[in-house]
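Q: This is the structure I have questions about; it appears just below.
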Amino acid sequence: MKSKLFVIGIILFCSSRVNAQAAPDHMPRLVKKGKYTQLLVNDKPYLILGGELGNSSASSNVYMRPIWPRLKQMNLNTVIAPVYWELVEPGEGRFDFSLLDSLIKNARLANMKLVLLWFGAWKNSMSCYVPAWVKTNTERFPRILDKSGSQQEILTPFNKNNLEADKHAFVKLMHHIRHIDSIQNTVITIQVENEIGMLPDARDYDEGATTAFSQVVPEQLLIYLEKNRLVLSPEIKSAWEANGYKTSGNWEEIFGKSLYTDEIFMAWHYATFVNELATAGKAVYDLPMYVNAALNRPGLKPGQYPSAGPLPHIMDVWKAGTPSIDILAPDFYNPDFKHWCDLYTRYSDPLFIPEIRFEKGIDAKAFFAFGNYNCLAFSPFSIESTDHPEKEPIGKAYNILKQVSPLITKYQSTGAVNGFLLNKDSLPKEVKMGDYSLVVSHEYKLGWSPGAKNDEWPLTGCIIISVAPGEFYVAGTGIVITFASVIVNRKAGFISVDEGQFDNGKWIPGRRMNGDQDHQGRHVRIPCNEYSIQHVKLYTY
Ligand code: DGJ
């Protein structure tokens, strides 16, 4: 066992999640810069200022036609759009990529990139997008069985036919993308499946599942646990610890008898299924790939929420089972944005947000995500659903973010970028950047705006980038910042505060803000509902 464990350990070690090897030419790829990961598109760091289409929009070209200008008005640089297995392979072995071809053509016309969602075997737990020839042949393509033995409309991951059929279609998709897009690289990333999750029980009771459940836990997972013992999620660690840190045994011997063990078991089998698709797909065309998760609600047990997806408490199982998947990504429909972002980044994994509810405050969250978490992608769901794209706060935030993206990606690895998110209850947030201490507060804290008397305050946020000693760019909405010198007996003052814009990376100053706008040298302020970039130069006296 020991020597086998060693060999598998070497394999795991070498198959790093983020491509360490030089990718062919200009392929979109992930690279590590310091402790952060960057997505390179056309060889340059790229932040996805995205929006995900509602599920059905991309299934009709006619429906999509009026949507493209709306996306443009919101300053998106990337559209996240589904590719539906049932429409791609309507008959077994008969492929039709015409919808995808139009999507790519129209994205190019709009000067946008695409992230494609493979709606294959699973979409929000269910198998609603599998082709009719799969759906109607449950003998050949068996389903998950619940505890009572009743079939669910969910393909079981324990069946080879299910895997091979899904993989075959996915590989065809990757061939097609390579064929039509390897020069222009409009497609920059692939999501494999969508919100995988086990329902209505914590595990599958199909025959294949029951057999697998009694078998030993695969060495690949045990090796991972051993190797990462000090940085395992507390949930996995305590289940393993409570059962004596065993290095062999079946699932219940290793993790104990509980619904949580059922979830770990399912997570492993979903993960290895997905990994087979990703490995085969990448062998054809090596794009970055991720898997997304529906976040679980507190207080529910496995089986009551879509379980076994790449959730923080079982991320280790996913990481161990998916060396070909680059990122595990959260979909945000829960409150407590910071809590979940912290969980997804606690072991320095990159944050990629393919979905977030399209609601008030996402503009501020975008500033926070890119500034605080070095997020790779931000993307409100059903982005086309607005009737007033020109007024959408997210569009205004993206207008600012697209201008400062080169600064963010240039300075993030040196720790010179910070992001803030503020609501009515937020205490002023203090941060040291170089020789200055900054205090960032909600703009209403000044008490100057009539809105400050309202019960509810808008969520606000900003990014601060330190580009040289005493020189900062501040980009955001609804914030006020004071600066102090950290040098004993010295105070900080503004040489200048300029509002302005970046045009192709070149700073074009606009208004000089050294009077009322910076309160005669006391603070930097961007009022609520306004979006701007300000260039701040400080001195000490
Ligand atoms: C999350 C899913 O991933 C999306 O496809 C969509 O179903 C949304 N939920 C709806 O809120």
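Taken together, the values in this text are just the output of simple stated rules run on the coordinates, not laboratory data. Just so we're clear, the structure is a prediction, and the values are computed from it rather than from any experiment. Cβ: placed from backbone, ideal geometry, glycine included. Neighbour counts: every protein chain shown.
Q: Which parts of the range 129-149 would a label at Gln304 reach, counting a residue when its backbone N lies under 19 Å from a point 7 Å out along Cα-to-Cβ?
A: 147-148
Q: What length, rounded to one decimal in nm, is gained on full extension from Ser426 through to Ser214, with 0.36 nm per residue of separation minus their alpha-carbon distance?
A: Working it through step by step, the gained length comes to 71.3 nm.
Q: Return P(r) of the chain (all Cα-Cα pairs; 20 Å bins starting at 0; whole %; ordered from short to long distances).
A: P(r) over the chain, rounded to whole percents: 21, 51, 25, 3, 0.
Q: With a Förster radius of 51 Å, plug the Cβ-Cβ distance of Ser102 and Glu241 into 1/(1 + (r/R0)^6) and report the FRET value to the nearest 0.05.
A: Computed FRET efficiency for Ser102 and Glu241 comes out at 0.45.
Q: What nm value, rounded to one decimal, do you get for the distance between Gln184 and Thr414 when each label is placed 7 Å out toward the C-beta?
A: About 3.7 nm, to one decimal.
Q: Using only the alpha-carbon atoms, what does the range 236-379 span along each of its principal axes? Please give whole angstrom values in decreasing order.
A: Cα spread of the range 236-379 along its principal axes, largest to smallest: 48, 42, 25 Å.
Q: What full-extension length gain, to one decimal in nm, is calculated for Asn529 and Lys147 as 0.36 nm per residue of separation minus the Cα-Cα distance?
A: 132.3 nm
Q: Another question, then. Let me have the relative contact order for the chain, percent, based on Cα pairs under 8 Å that are six or more residues apart.
A: It rounds to 14 percent for the chain.
Q: Show me, bin by bin at 10 Å from 0, the whole-percent P(r) of the range 246-312 based on Cα pairs.
A: Going out from 0 Å in 10 Å bins, the range 246-312 shows 19, 39, 29, 13, 0 percent.
Q: Would you compute, for the Cα atoms of the range 417-540, the largest minus smallest coordinate along each principal axis and list the three values in descending order, in whole Å?
A: 39, 38, 27
Q: Measure off 7 Å from each Cα along the Cα-to-Cβ vector at Gln520 and Asn161, then give the distance between these two points in nanometres to one decimal.
A: Placing both labels 7 Å beyond Cα along the Cβ direction yields 8.2 nm.
Q: Same structure, new question: For an R0 of 41 angstrom, estimate the FRET efficiency from the Cβ-Cβ distance between Val467 and Asp336 and round to the nearest 0.05.
A: Efficiency at R0 = 41 Å is approximately 0.80.
Q: Counting other C-beta atoms within 10 Å, and keeping those with at most 14, which DSSP coil GluC sites (Glu not before Pro) do you find in the range 138-185?
A: Taking the range 138-185 and a limit of 14 other Cβ atoms within 10 Å, the loop GluC sites (Glu not before Pro) found are Glu139.
Q: I would also like to ask the following. Suppose each label sits 7 Å from its Cα in the direction of the beta carbon; what would the Ser449-Glu390 distance come out to in nanometres?
A: 2.3 nm
Q: Okay, moving on. How long is the range 342-425 along each principal axis, judged by its Cα atoms, biggest number first, in Å?
A: 40, 28, 27
Q: Once amide H atoms are built 1.01 Å from N in the peptide plane, which residues 5 or more positions from Tyr436, or in another chain, come under 5 Å H to H?
A: Val486
Q: Please give the length that would be gained between Ala280 and Phe95 if that part of the chain were fully extended, namely 0.36 nm times their separation in residues minus their C-alpha to C-alpha distance (nm, one decimal).
A: Additional length available on full extension: 64.8 nm.
Q: Find which of Phe273, Asn374, Thr136 sits farthest along the positive direction of the dipole of the chain, computed with +1 on the beta-carbon of Lys and Arg, -1 on that of Asp and Glu, about the Cα centre.
A: Selected residue: Asn374.
Q: Determine, from the Cβ-Cβ distance of Asn250 and Asn137 and an R0 of 45 Å, the FRET efficiency 1/(1 + (r/R0)^6), rounded to the nearest 0.05.
A: Calculated value: 0.90.
Q: Report the charge-dipole magnitude of the range 417-540 in Debye, nearest 20, computed about the Cα centre from +1 at each Lys and Arg Cβ and -1 at each Asp and Glu Cβ.
A: 340 debye
Q: How much space per residue, in cubic angstrom, does the convex hull of the C-alpha atoms of the range 169-233 take up?
A: Convex hull of Cα atoms, per residue: 197 Å³.
Q: With all distinct Cα pairs included, what does the Kirkwood hydrodynamic radius of the range 58-124 come out to in Å, to one decimal, could you say?
A: When all Cα pairs of the range 58-124 are included, the Kirkwood radius is 12.7 Å.
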